[in-house]
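Undergrad: What follows is a single structure, and I will ask about it in a moment.
Coordinate-derived values only; no laboratory data. What you are looking at is a predicted structure, and each value in this text was computed from that prediction instead of being measured. Here Cβ is always computed from backbone atoms with ideal geometry, including for glycine, and neighbour counts include all displayed protein chains.
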Amino acid sequence: MAAPTKNVATTARTETEVVVAGAGPTGLMLACELALAGVETLVLEKLPRPIQQVKGGAIQPRTAELLQMRGLLEPLLRRATPREPVGGHFAALPVPLDCTPWRTRHPFPLTIPQWEFEEVLEERATAGGARIVRGAAVSGVEPDAHGVTVTADGLRVRARHLVACDGGHSTVRKLLGLPFPGRPGTHQAVLADIRLSAVSPLVPRRMGHMSTLTRQGGGYWAMLVPLGDDRYRFTFGRADRADTPRDAPVTAEEITAALHAVYGARTVLGAVDNSSRFGDATRQLEQYRVGRVLFAGDAAHIHPPLGGQGLNLGVQDAFNLGWKLAAALQDRAPDGLLDSYHAERHPVAAQVLHHTSAQRVLALPNPSEDVAALRDIFTDLLRLPDANRHLAGLLSGLSLRYPSPGGHPLAGGRVPDLDLATASGPTRLSALFGSGHAVLLDLGGVVPSGLRLPERVDLVRATCTDEVGAAALLFRPDGYVCWAADDSAACHETLRSALAAHLAKIS
């Protein structure tokens, strides 16, 4: 039976294994992963109720693959916003990114309002036993050698670990006095979920490639994304409004002025569901782990919202951290496993910060003559298959590889969602990860019978008609290959050490 979402007044328990600060996509994904591993988890969220805001609604292909592994993609597909089957973008340039060379079943971004994504994750997390307390703003963090005491609006909780998933203005980060180095924002924009009672011919009728949804006029740049039923996500800005205070309310008059300037006076604002301002600052924590406190999502890194990276970066932080934190708490982790969270994820975010900085220049709404020339050259480069494949892999997450010793070409990366034949019938690679366990996949009959595997490592013997590139593969719970062997000799020689190094203590 699902544990209900609670408020502070109805929650009396004061001890848990993990406190997660923040019930956004990152915090809820982490709660799902921890609950799946049997870790007692309490999520503290400062807002009293979810906000039905569209922001951050692009699910990139690699994130879709990870969600498929946990059985979470199908309920999201049922809620997704209809869109043309077209690839993502780099800096809004008019050449779609083609993910098909990466052999993915999900080559196009999936669009879903963030609040609906959060609702699916919350249902899964609470069904697994996680508790979510809303209206609980963290106000105190007291870490020590054995755990963390967290105070939130009168609730005082003792936990073995705290994970801060509380956004770019992270309270936890500020309470610990941690620097957040980087660059301040230079541009500001408005994001509003609106309804239109009348539209001009300039208003897009269907969601397509980003380059078809952006326009300029009257000193404004804007992007109007149709969501169905007269609803739109409206993003706009102008250079002479860069100094507007971030907390200044967004008025209907301000939105109307931008609509009329870009889409004409025949476009009539019917209602504003919600609105906010955002900037393009670029910052990253120097360390994602400080003793018993860890950071994920926007609490660890922020960047300009170009290329649809933010939600995906945080969700993938959670996938990387969840199984490692669970193994550490359950005394299954080999030395250094929890520290590998920072070692693996910090460079990934640094790379995203790097390429979104490049996109920020290329996507300037009023480019100089030099930048316009650079855009033309870059657009031509994107039409070259190798260049397009590289950037498609980068922005989709499909090209991500974690450092992995051993030297096998597959180690550290993903494997496509293979069709497999097993003794119990046909299946797919993604279906093997629903339990959150690691998987030892024997495709060549090279894994010895009677092999004793550590807890939460499943052996699957199968055949596959696709060319895989290895006779046996050891997958981490987050679906990345940590070891592979081409024959039985290599398997017998290195498998035990690979298990001990990557996944579990072995006596």
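Undergrad: Can you give the local net charge around ASP331? Use residues other than it whose beta-carbon is closer than 14 angstrom to its beta-carbon, Lys and Arg +1, Asp and Glu -1. Walk me through the numbers on the way to the answer.
TA: Working: positive: ARG160, LYS324, ARG332, ARG456, LYS505; negative: GLU17, ASP335, GLU455.
Here the count lands on +2.
Undergrad: Can you order the peptides 113-123, 173-183 by their average number of other Cβ atoms within 10 Å per residue, highest first?
TA: Per-residue Cβ counts within 10 Å, averaged per peptide and sorted highest first, yield 113-123, 173-183.
Undergrad: Can you give me the distance in nm between label points at THR427 and ARG158, each placed 7 Å from the Cα along the Cα-to-Cβ direction?
TA: 4.2
Undergrad: Something else now. Across segment 456-473, in residue order, what do the Karplus-derived ³J(HN,Hα) couplings come to in whole Hz, using 6.51 cos²θ - 1.76 cosθ + 1.60 with θ = phi - 60° and x for Gly and Pro?
TA: Here the 3J(HN,Hα) series is 6, 10, 9, 8, 10, 9, 7, 10, 8, 7, 6, 6, 9, x, 7, 8, 8, 9 Hz.
Undergrad: Using Cα pairs under 8 angstrom and six or more residues apart, how large is the relative contact order of the chain, in percent?
TA: For the chain, the relative contact order is 17 percent.
Undergrad: Still on this structure, I have one more. Rg and Dmax of the chain over Cα atoms: what are they, in angstrom?
TA: Rg, Dmax (Cα atoms, Å): 23.5, 75.
Undergrad: Mind listing the phi-derived Karplus ³J(HN,Hα) values for segment 434-450, rounded to whole Hz, using 6.51, -1.76 and 1.60 with θ = phi - 60°, and x for any glycine or proline?
TA: Listing the rounded values in order: x, 7, x, 7, 6, 10, 9, 9, 9, 9, x, x, 9, 7, x, 5, x Hz.
Undergrad: Quick one: which residues, 5 or more positions from SER139 or on another chain, have an amide H under 5 Å from its amide H? H modelled 1.01 Å from N in the peptide plane, none for Pro or chain starts.
TA: Answer set, sorted by chain and number: THR151, ALA152, ASP153.
Undergrad: ILE506 versus ALA350, label points 7 Å from Cα toward the beta carbon: distance in nm?
TA: Output for this residue pair reads 3.1 nm.
Undergrad: Under 5 Å between amide hydrogens, which residues at least 5 positions from GLY88 or on another chain qualify, with H placed 1.01 Å from N in the peptide plane?
TA: LEU97
Undergrad: Follow-up. Hand me the tally of lysine pairs in the chain: alpha carbons under 24 angstrom apart, and the pair either on different chains or 8 or more positions apart.
TA: 4
Undergrad: Where a ≥ b ≥ c are the square roots of the eigenvalues of the C-alpha gyration tensor, would you call segment 188-279 rounded, which needs a/c under 1.5, or, failing that, prolate if a/b is larger than b/c, or oblate? Kindly include the intermediate steps, with their values, before the conclusion.
TA: Values: a/c = 1.56, a/b = 1.39, b/c = 1.13.
Prolate shape, in that a/c is at least 1.5 and a/b is the bigger ratio.
Undergrad: Using a cut-off of 10 Å between beta-carbons, work out the net charge of the residues near LEU34 (Lys and Arg +1, Asp and Glu -1, LEU34 not included).
TA: Cβ neighbours under 10 Å give a net charge of -3.
Undergrad: Follow-up. Going by average Cβ density within 10 Å per residue, which order do the peptides 445-457, 299-311 take, highest to lowest?
TA: So the peptides 445-457, 299-311, ranked by packing, come out 299-311, 445-457.
Undergrad: Still on this structure, please answer the following. Amide H to amide H, which residues 5 or more places from LEU459 or on other chains are under 5 Å from it, using H placed in the peptide plane?
TA: Sorted by chain and number, the residues that satisfy this are LEU440.
Undergrad: Here's another thing I want to ask about it. For every helix of n ≥ 4 consecutive DSSP H residues, a contribution of -39,500 (n - 2.57) applies; sum these over the chain, divide by its total residues, and give [θ] at 222 nm rounded to the nearest 500 deg cm²/dmol.
TA: That comes out to -9000 deg cm²/dmol.
Undergrad: Sticking with this structure for a sec: With θ taken as phi - 60° and the coefficients 6.51, -1.76 and 1.60, list the Karplus ³J(HN,Hα) couplings across segment 185-197 in order, rounded to whole Hz; mark glycine and proline as x.
TA: x, 10, 10, 9, 9, 10, 10, 9, 9, 10, 10, 10, 8
Undergrad: Just to confirm a number: summing +1 for Lys and Arg and -1 for Asp and Glu over residues other than HIS146 whose beta-carbon lies under 11 angstrom from that of HIS146, what do you get?
TA: +2
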